[in-house]
Amino acid sequence: MKGNIYKKNYLSKVILRIDFIKSIELSKLRSYADSISSIFPLSKQIDGEEGYFDLNLQTKQLNQHTNKIVSWVFTDKNSTKNLQISPSYLFIEYLKYKNSTDLINDVEKVVNVFINSFGVKTIKRIGLRYLNEIELHNEKDYLKWDKYIANDLLGAISFANNSEFSVSRSMGQLVFKDGFNIINFNFGVWNDDYPNEVNRKSFVLDYDCYSNIPVDLSDTSIVDVVKEYNSKIEKIFELSISDSFRGLLNK
């Protein structure tokens, strides 16, 4: 995230996802792939299925149907980020993330080019997600996080530390509403080994900001939306951590 620029981060994934309001005809995909080949030179096709149900009003029967879906995945040469495109969505997933400069560059040179190439006028949903997985391998007090995480987020964990029982998981959720935007914030000790008890020091800060109404691209820039979402998430992130944790980020 921009703002406070740190030397490192604990981001395991950053995802930008755009859902289209109607299916896109991807007949121009080959020429589009050529135009982004300097950023995403590797590509492959993925065949899948999408299921849905409908109710026959005469027979009162619920019928299940499946549609074949073809999507394409583009990868950079270092396998640090993927672009996936289907008729109904586009998303970029970063497996190694530096800062928002790379994200904004991809919006301008990859997402905007797609929007213009395929004549997309309205977006059903834009979402930006930052998943921080803080792993402190050298510390053994698995449930003691008050040195690094804002104490206001640690109520349940503090309660658990005062009990006689072991803990398998402790997660909290806050959902913020900001105009037409939603910020879904999940935080706590997820524990991949659940239902076993927590056996390593790991804390999740997961921020997902998205629009809850369609976005008209005639008067809205995707770049501006992503910058706005990034700023909102950054503010909550800074409220979530302590100065000691900022010290870890700057080591």
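Quick note: the coordinates plus some simple rules give every number you see, no bench work behind them. Everything numeric in this text was worked out from a predicted model, so none of it was measured. With ideal geometry, Cβ positions are generated from the backbone for all residues, glycine too; neighbour counts draw on all protein chains shown.
Quick look at the numbers
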read-out	value
Hey, SER100 among the small types (Gly, Ala, Ser) and either under 15 Å from PHE40 (Cα atoms) or surrounded by fewer than 17 Cβ atoms within 10 Å (Cβ to Cβ) (or both) or not	no
LEU83 buried (at least 18 other Cβ atoms within 10 Å of the Cβ), outside any helix (DSSP H, G or I) and in contact (Cβ under 8 Å) with a residue 24 or more places away in the chain	yes
Among the residues listed as LEU217, LEU249, the single one being over 26 Å from VAL113 (Cβ atoms) and of a type outside the set (Val, Ile, Thr)	LEU249
One residue from LEU128, LEU154 being in contact (Cβ under 8 Å) with a residue 12 or more places away in the chain, crowded, with 17+ Cβ neighbours inside 10 Å and not β-branched (Val, Ile, Thr)	LEU128
Residue list for segment 179-228, filter: touching an Asp or Glu at 6+ places or on another chain (Cβ under 8 Å), surrounded by fewer than 17 Cβ atoms within 10 Å (Cβ to Cβ), touching a residue at least 40 places away in the same chain (Cβ under 8 Å) and closer than 28 Å to VAL120 by Cβ	VAL223
Pick from segment 229-251, criterion closer than 30 Å to THR122 by Cβ and of a type in the set (A, V, I, L, M), ranking: surrounded by the most Cβ atoms within 10 Å (Cβ to Cβ)	ILE233
